[in-house]
1. Any idea how many residues of segment B:101-128 are assigned to a loop (DSSP other than H, G, I, E, B) and either without any contact (Cβ under 8 Å) to a residue 12 or more places away in the chain or within 30 Å of the chain's Cα centre (by Cα) (or both)?
2. Can you confirm whether residue A:64 is over 23 Å from residue B:220 (Cβ atoms), within 11 Å of another protein chain (Cβ to nearest Cβ) and touching a residue at least 12 places away in the same chain (Cβ under 8 Å)?
3. Could you please give the count of residues in segment B:172-192 that are more than 19 Å from residue B:434 (Cα to Cα) and assigned to a helix (DSSP H, G or I)?
4. Condition first: farther than 9 Å from residue B:209 by Cα and assigned to a loop (DSSP other than H, G, I, E, B). Now tell me which residues in segment A:73-101 satisfy that.
5. Of the conditions (1) closer than 26 Å to residue B:226 by Cα; (2) within 11 Å of chain B (Cβ to nearest Cβ); (3) in contact (Cβ under 8 Å) with a residue 12 or more places away in the chain; (4) surrounded by fewer than 16 Cβ atoms within 10 Å (Cβ to Cβ), residue A:59 clears all except one; give me its number.
6. Can you find, within segment B:454-482, the residue that is farthest from residue B:440 (Cα to Cα) among those that are in contact with a helix residue (DSSP H, G or I) (Cβ under 6 Å, 6 or more places away or on another chain) and not in a helix (DSSP H, G or I)?
7. Going through segment A:4-17 one residue at a time, which ones are in a helix (DSSP H, G or I) and either more than 25 Å from residue B:226 (Cβ to Cβ) or facing chain B (nearest Cβ under 8 Å) (or both)?
C-alpha cells in the first residue's frame with residue numbers, strides 16, 4: 001500500500017495497529033512499523049497526527065532492537081552451551097548439527 | 001467552459017480532455033477580447049492566418065464567427081491528434097518500463113529457486129511423490145516412463161480443470177466468503193508450515209543448529225507479517241517480496257514432488273490448458289474475466305503480482321483442502337483495501353474493457369479425507385493439496401495492462417488533472433499471475449537440478465524472451481492474455497535443445513580445444 005496516498009488519520013491508525021500488534025511477540029512487525037513510518041513521522045512537514053506517530057515509531061524501533069539483541073544473545077548462548085546442557089538442550093533443539101559435539 | 005470546447009471534448013479520448021481544454025482555452029480567450037469593444041484590437045494576436053480584416057471594435061459577422069470557429073476546431077483537432085500520439089508513445093514507453101518491472105520479480109523468484117535447488121539437496125531427492133501422480137517412472141524402459149508421465153500429467157490436468165470450474169461456480173454464485181476463507185487457509189498453510197519445512201531443510205543443508213524457541217519465533221514473525229502484508233496492508237516492497245518467496249516455495253514443492261518426465265509433460269500440458277482457458281470464448285478464465293467485468297469488480301486481485309502500487313490483497317492460493325488457487329475478489333473488498341478500492345473502482349467503472357487484472361483460478365474444495373488417506377511420509381498430503389492449488393492458480397495467468405483503456409474521466413477539472421494522471425500511471429501496471437511465477441521457476445529450477453549451468457541460463461533467457469513477447473502482445477491486443485504458453489514453449493525448446501545438442505557440442509569442442 002502506498003502510504004503517501006493515505007489520509008493522515010489512516011496512516012496514524014495503521015501505525016497504531018502495527019504498534020499494538022507487535023506486542024504479541026512480533027518484533028518484526030515493530031521493525032517494519034519503524035522503518036515504514038520513519039519518513040512519515042520525522043521527515044515530513046508536521047501535521048497533527050505526527051506527534052503520536054513519532055511516539056509509536058520510536059517505541060517500535062527501540063522495541064525491535066531490544067528483541068534483536070535478546071534473540072542474538074540467546075542464540076549465542078544456546079549454540080555455545082548446547083553440548084554442555086545435555087538432555088535439555090536436545091529437547092530444545094530443532095536441528096542438531098552433525099559432526100559437532 | 002465554453003460550449004464549443006466541451007462538445008469537441010466529447011469526441012476525443014477522455015484522457016486528453018483536460019489537456020485539450022487547456023489548449024483550447026487559449027484561442028478561446030481571444031474571442032471575448034475581440035468582441036469587447038473596449039479592448040484595442042487584440043484580434044491580430046488571435047493566432048493563425050486570419051483572412052478577415054482585424055475586427056477591431058466591431059462585432060464579428062456570422063460568417064466571420066463561423067470561420068473562426070472552424071479554424072479553432074481545426075487547431076483543436078490537430079492538437080488532439082498530437083496529444084493522442086504523445087499518449088500512445090507514453091503508453092509504449094510505459095510498457096517497456098513495466099516489462100522491466102516484471103523481469104525483476106520473475107528473475108528473483110527463479111534465483112531463489114535455483115539457489116535452493118543448488119545448495120540444498122533435499123529438493124532434488126527423489127522418492128516421495130504426490131498422490132496424484134501414481135506412475136513413478138520406475139521402470140527401465142523409456143517408453144513406459146514417458147507413458148506414465150503423460151498419464152500423470154493428464155490426471156493433474158483433469159484435477160486442475162475440475163478445480164477451475166468449481167472456482168467459477170463459486171464466483172458466479174457470489175460465494176465470496178468461501179473463496180476468501182479458502183485463500184486465507186491456503187496462505188496460512190503456505191506461510192507457516194511450508195516455511196517451517198523450508199527452514200528446516202535449509203538449516204539441515206548448511207548444518208546449522210537451532211533451537212525450537214528461536215525457530216518458532218522466526219516462523220511466527222515471518223508468517224504473521226506475511227499474512228498482514230498479503231491480505232491486508234503492508235509496505236509494497238515487502239508484499240512483493242512475500243509473494244516472490246511464496247511462489248518459489250511452491251515451485252520447490254513441485255520440483256521435489258513430481259517425477260522426472262512428468263514435470264516436463266505437466267508444464268507443456270498446463271501451458272496448452274492456459275492458452276485454451278484464456279482465449280477460447282467458453283474458456284473458464286474468460287468467463288471469469290467477463291463475469292467480473294459485468295459486475296464491475298476488480299478481477300481477483302489475489303494471486304496476482306502487480307508491478308504498481310495498486311495491489312489489493314494478493315494471496316497465495318494454498319489451501320489445505322482443495323488444491324485450487326483462488327484469486328480472491330472478495331478479498332479486495334476487505335477492509336484492507338480502503339485505499340486501493342476507491343481508486344480501482346474508479347478505474348473499473350468507466351471502461352473495464354481494457355486490460356484487467358488476471359484472474360487466477362480458484363481451487364475446488366477437495367475432501368479432507370484425501371488428506372487423511374494420504375501417505376504419512378513427510379505429511380506431503382496436505383502439501384500436495386496446497387501444491388495443487390497453486391498449480392491451479394498458476395494456470396491462470398493473465399497478463400493485463402490494467403486500467404489502460406479506462407483513462408480517468410476527469411470531469412473538466414484542470415486542477416484535479418495532476419493527481420488523476422498520477423493515479424492513472426500508477427494504475428497502469430502490468431499484472432502477472434503468481435502461477436506464472438511458479439511455473440517459470442519450476443522450469444528453471446528443474447533445469448538447474450541437473451547440475452548444468454548452460455541449460456539453466458538458456459532456460460532463464462528463454463523465459464524472459466517469452467515474457468517480453470507476451471507483454472508486447474499484450475500491448476497490442478490490450479486484453480488479458482495467457483502468459484504461460486509462449487515462455488514455457490521457448491523454455492522447453494531451449495532446455496531440450498541445449499541439453500541434447502549444445503552441451504555435448506560444447507563439450508566436444510572443449511575437449512578438442514577448438515574455440516569458437
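The values are calculated or read from the model by the stated rules, or taken from the named source; none is laboratory data. The structure displayed is predicted, hence computed values, not measured ones. Backbone-built Cβ (ideal geometry, glycine too); neighbour counts: all protein chains shown.
1. Residues of segment B:101-128 that are assigned to a loop (DSSP other than H, G, I, E, B), as a first pass: B:120, B:125-128.
Adding the requirement that they be either without any contact (Cβ under 8 Å) to a residue 12 or more places away in the chain or within 30 Å of the chain's Cα centre (by Cα) (or both) leaves B:120, B:127.
Residues meeting the conditions: 2.
2. On the way: over 23 Å from residue B:220 (Cβ atoms): no; within 11 Å of another protein chain (Cβ to nearest Cβ): yes; touching a residue at least 12 places away in the same chain (Cβ under 8 Å): yes.
For residue A:64, the condition - over 23 Å from residue B:220 (Cβ atoms), within 11 Å of another protein chain (Cβ to nearest Cβ) and touching a residue at least 12 places away in the same chain (Cβ under 8 Å) - is not met.
3. Quick first cut of segment B:172-192, residues more than 19 Å from residue B:434 (Cα to Cα) only: B:172-178.
Cutting the leftovers down to assigned to a helix (DSSP H, G or I) gives us B:172, B:176-178.
The number of residues fulfilling the criteria is 4.
4. Here is the first cut: in segment A:73-101, the ones farther than 9 Å from residue B:209 by Cα are A:73-78, A:80-92, A:99-101.
Result: A:86, A:99, A:100, A:101.
5. (2)
6. Here the residue is B:480.
7. The initial filter retains those residues of segment A:4-17 that are in a helix (DSSP H, G or I), namely A:4-5, A:8-17.
Hits for segment A:4-17 are A:5, A:8, A:9, A:10, A:14.
Okay, residues lined up against (1) more than 17 Å from residue B:263 (Cβ to Cβ); (2) at pLDDT 90 or above:
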{"residue": "B:96", "(1), (2)": "yes, no"}
{"residue": "B:106", "(1), (2)": "yes, yes"}
{"residue": "B:110", "(1), (2)": "no, yes"}
{"residue": "B:121", "(1), (2)": "yes, no"}
{"residue": "B:135", "(1), (2)": "no, no"}
{"residue": "B:142", "(1), (2)": "no, no"}
